[in-house]
1. Among the residues of the stretch 401-442 satisfying the criterion of being out of contact with any strand residue (DSSP E or B) (no Cβ under 8 Å at 6 or more places or on another chain) and more than 19 Å from Ser64 (Cα to Cα), which is surrounded by the fewest Cβ atoms within 10 Å (Cβ to Cβ)?
2. Could you pull out every one of the strands (runs of 3 or more DSSP E) wholly within the stretch 40-131 that has 1 or more residues that are farther than 21 Å from His389 by Cβ?
3. Hey, could you check the stretch 240-283 for residues that are in a strand (DSSP E or B) and free of Cβ contacts under 8 Å to residues at least 40 places away in the same chain and say which is nearest to Glu305 (Cα to Cα)?
4. Output the residue which, of all residues in the stretch 436-465 that are among the charged types (D, E, K, R) and at pLDDT 95 or above, is nearest to Tyr405 (Cα to Cα).
5. Taking the condition of being closer than 13 Å to Tyr330 by Cα and of a type in the set (A, V, I, L, M, F, W, C), how many residues in the stretch 262-302 meet it?
6. Among the residues of the stretch 256-269, which ones are under 19 Å from Val427 (Cβ atoms) and surrounded by fewer than 23 Cβ atoms within 10 Å (Cβ to Cβ)?
7. If you take the residues of the stretch 355-411 that are in contact with a Lys or Arg (Cβ under 9 Å, 6 or more places away or on another chain) and basic (Lys, Arg), which of them is farthest from Tyr62 (Cα to Cα)?
Amino acid sequence: MRGFLVSAAHKSSGKTTIALGLAAALRARGLAVQPFKKGPDYIDPLWLAAAAGRGCINLDLYLSPPEEVARDFGAAAVGADVAIVEGNKGLYDGLALDGSNSNAALARLLGLPVVLVLDARGMTRGIAPLILGYQAFDREIRIAGVILNRLGGARHEAKLRAVIEHYTDVPVLGSLQEDPALAIAERHLGLIPATESAFAAERIERIAQAVAAGIDLDRLLVVAAEFEPVPAPRRPMAAADLRVGIARDRAFGFYYARDLDLLREAGAELVDIDTLHDQRLPPVDALFIGGGFPEMFASELAANESLRADIRRAIEDGLPVYAECGGLMYLARSLRTRDGTWPMVGALPLDVAMEARPVGRGYVHLEETAEFPWPRRAPHGDAPFFKAHEFHYSRVVAADPALRYAYRVRRGFGIDGTRDGIVHRNVLASYSHLRATAGDAWPQRFIDFVRARRPAPASRRRAALTERALT
């Protein structure tokens, strides 16, 4: 198979639009496309997955060691014809001064050439030293070609092509003109998720057509690297003996595809729940409410009183629940937005308020406290903490002082700058998003916790009979 990494000189260059356009255009040719996204991102993967028709896998050199990233890449690429890795920010950007977690480092690790997307607005001759500088900065990185984006017209494109051909040896693989019809609307965390957009399929199709017309796909495949994907050994799939409800709708959808696979491997049958429309909580042994934008659908969430009441009663009765960020907000007593204050599930003794600026953003370092409810983490090296990430504009207010917390925050903000991970009954709710890595196999730990608290078979049968009688 072939593969390449799509990067840029800086963020907001249009690389996500071009990456998903490439995925859809190559898929339209009959190729199996496996998308990947660098970093702790939920939104771009939703679009890439929709474009490719395959789940998008995150690759994160900060949360995972290089060998684990390479293994995840090889395993996910099995059965595909083309692997497309979309970078984040600029090619050489990253947290580490030495670039060890940059997009360039990921390309080097995976042996992938780089397709550089350049926002060419206002540029002519100056594009040459930009390309030359990116080549010279790290000679181990192969820039296989550039795609010129947001061009001002045919004359602008001709000038840029002439400059690049004269001063560099980097091929121009194609171009896209400035076109508002190709734009995807954004909000504070980035693009609006594909799960929210009623026009996602139409927008992807329009972008794919523009990419197919403006980019030489045959040449792109020629400059892409050939490699043999190596499947990672996986443990046998456990028989599904648990039903785990998972909130997946327009309000909630921030989940890692690999983490969901690991929940299934641990023995969970995932049952989708629409928090906006489902009137009842189905029979489940646990509930997983991930991140999303509940603040954008606060009135609809509040209007679904019957489901909120069902969830509240289930939690009071001991239902194990794991909630991340948006899930924490949903379980609160109320959510205050600029449009008003809305009642939420009311399972947690706290309220949540939206702020104008980010309250917590980026990677976090967490240390588990004695209150952490799941089985303990396996020792992983000498690090006293593990890594996760957060990005929220909301803040917990009026929290019960008696609340217990699962984490001490070593880096980041969490609930209040020092603590995160509210523990209440069998609920663990945090602003931090966990990622299953070699250092923290959280899906297995959660399922072990759920299994240990599952009612005896007789009581489960009685509960099922009661459910049927009520419905």
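1. Only one residue tops the list, namely Pro401.
2. Of the strands (runs of 3 or more DSSP E) lying wholly inside the stretch 40-131, those with at least 1 residues that are farther than 21 Å from His389 by Cβ span 82-86, 114-119.
3. First pass over the stretch 240-283, keeping only residues in a strand (DSSP E or B): 242-247, 252-254, 268-273.
Cutting the leftovers down to free of Cβ contacts under 8 Å to residues at least 40 places away in the same chain gives us 269-273.
On the way: Glu269: 26, Leu270: 23, Val271: 20, Asp272: 19, Ile273: 15 Å.
Filtering first and then ranking leaves Ile273.
4. Per the criteria, the residue is Arg445.
5. The qualifying residues number 10.
6. Taking the stretch 256-269 first, the residues under 19 Å from Val427 (Cβ atoms) are 259, 263, 268.
Scanning the stretch 256-269 gives a single hit, Asp259.
7. Arg376
Per-residue answers, yes or no, for (1) in the same structural domain as Arg142 (by TED's automatic domain parsing); (2) more than 17 Å from Asn149 (Cβ to Cβ); (3) out of contact with any Ser or Thr (no Cβ under 9 Å at 6 or more places or on another chain):
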site: Lys15; (1), (2), (3): yes, no, no
site: Ala19; (1), (2), (3): yes, no, yes
site: Ala32; (1), (2), (3): yes, yes, yes
site: Leu46; (1), (2), (3): yes, yes, no
site: Arg54; (1), (2), (3): yes, yes, yes
site: Asp60; (1), (2), (3): yes, yes, no
site: Ser64; (1), (2), (3): yes, yes, no
site: Glu67; (1), (2), (3): yes, yes, yes
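The values are calculated or read from the model by the stated rules, or taken from the named source; none is laboratory data. This structure is a prediction, so every number in the text was calculated from the model and none was measured. Positions of Cβ are generated from backbone atoms using ideal geometry, with glycine treated the same way; all protein chains shown enter the neighbour counts.
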